Structures are given as structure tokens and as C-alpha cells.
Amino acid sequence: PSILLEAQRRLHAKFDVARKPNKAPTDYKNQPWDHTLPFLDKDQVAEFSSDFGWRSLWGRRDFHGGIDVMAPAGTPIKAITDGKIVYTEDAGKNGGVVIEGLDKHKGHFFTYWHMTPGRGWLKGDVIRKGQKIGTLASWGSNTHLHYAVHISQGPNYKARTDKNAVHPLLYHSNLKLASN
């Protein structure tokens, strides 16, 4: 994991939470989602709406520890990796699922937020890559999936902070690097 964190610091300057640029970048907003991460079906129309890193939120700078992808309410969401469910909550737009990865992803936590967990998923259940974990909850015109990856110290998923959040696109594009 330390190799991944160093690569992220080199390749994605916004990773450093202590760094505060003068304004949030806007080049990523409302771009068509290219299905780089397979949590959506390939034929699902979606937009990449918020990047990892510092951004402007309600007139303030805010660190966003994941990425947001807009899609219609009810859109099926699939697991990115094999893992064990460590948290699930059915709370409308504030609901979601946290999965601790298995094998080379052990100690890495994958957060899927603003969704309704699928019926029957419980803490401790093992889920396989590609399995449906739930559907996007309605949030009006702001319906989106917040997807984040955290590399935590120890088994407690609640230890996730912005300091151990990694850019999901960089993480998944460097799986060989991350498994070293």
C-alpha cells in the first residue's frame, strides 16, 4: 500500500489533503462516464460529476475522498472486487455498503454511498466481483453514486479518513502495484 500512496502523491497532486489550491478544478464535471470501473452495467448511461480531491461545495473548499457518478435512481450497482461486507445501511440517499476487500485487497475498504443495499445483504456476507450490491437511491437531480477506496490501519473500517483515501481510478489502474 505505501507504494500505491507514493504513486498517487506523484501522479495526482490533489491527493495531499494539506494542499489547498485556490479553486477547485472544473475539467471533470459532467463528463460522460466511460465505465473505467465496472460498478455499472456497460450499457448504463452515466456522468462523471465530481472528482477525488479538493472541490468547491456550497461556497467552501471541501476534500472529496472519492468520485461521484450520476445515473438514474434505481440503477443497479455491482461490487468492484471480491470482499466481505463490513457495513450496510438502508437510509435512502444516506444509505450504502462498505466492503473490505479479500486477498490482495485485505485492509482496503470500498465504499458505495447514496444507494439502497440489495435485499438480504448483511454484515459479514462475502460478495463476489460483479455481484449486484444494490441500487442508486433517489436524490432528485443530484442522484449519484459516491465511490471511495480507503487503505486503513487495522480491521476497523471506521478508521477511514480523508488521509487514507486513495483516488479510486488510480487505485484500480494500479492493481499490480497495489498488490506488491
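Based on protein heavy atoms only, the range 83-150 ends up with 45 Å² per residue of surface accessible to a 1.4 Å probe. Once both labels are positioned 7 Å from their Cα atoms along Cα-to-Cβ, the gap between D62 and T36 label points is 2.1 nm. Annotation: I80 carries an accessible surface of approximately 10 Å², with a 1.4 Å probe and no ligand, DNA or RNA atoms counted. Dipole check for the range 24-144: with +1 at the C-beta of Lys and Arg, -1 at the C-beta of Asp and Glu, and the Cα centre as origin, the magnitude is about 240 Debye. Calculated FRET efficiency, S141 to K104, Cβ-Cβ distance, R0 = 45 Å: about 0.70 to the nearest 0.05. Around the amide H of G95, modelled in the peptide plane, lie the amide H atoms of H114, M115, all under 5 Å away and 5 or more residues distant in sequence or on another chain. For the range 71-85, putting each phi into the Karplus relation 6.51 cos²θ - 1.76 cosθ + 1.60 with θ = phi - 60° gives couplings of 7, x, 4, x, 4, x, 10, 10, 5, 7, 9, 5, x, 10, 5 Hz, in residue order, rounded to whole numbers and with x for Gly and Pro. Rounded to a whole number, what % of the accessible area of the range 62-132 do carbon and sulfur atoms account for, probe 1.4 Å? Looking at the range 62-132 in its full context, I get 49 percent from C and S. For G107, nonlocal amide neighbours, meaning residues 5 or more places apart or on other chains whose placed amide H falls under 5 Å from its own, are G101.
Between H64 and G53, W54, R55, the built amide H atoms are under 5 Å apart, and every one of these is 5 or more places off in sequence or on another chain.
The values are calculated or read from the model by the stated rules, or taken from the named source; none is laboratory data. Predicted model only: the values in this text are computed from it and were never measured. Please note: Cβ atoms are built from the backbone with ideal geometry, for glycine as well, and neighbour counts cover all protein chains shown. Just so you know, the surface numbers come from the protein's heavy atoms only, side chains and all, with ligands and any DNA or RNA stripped out. Shrake-Rupley method; radii C 1.70, N 1.55, O 1.52, S 1.80 Å.
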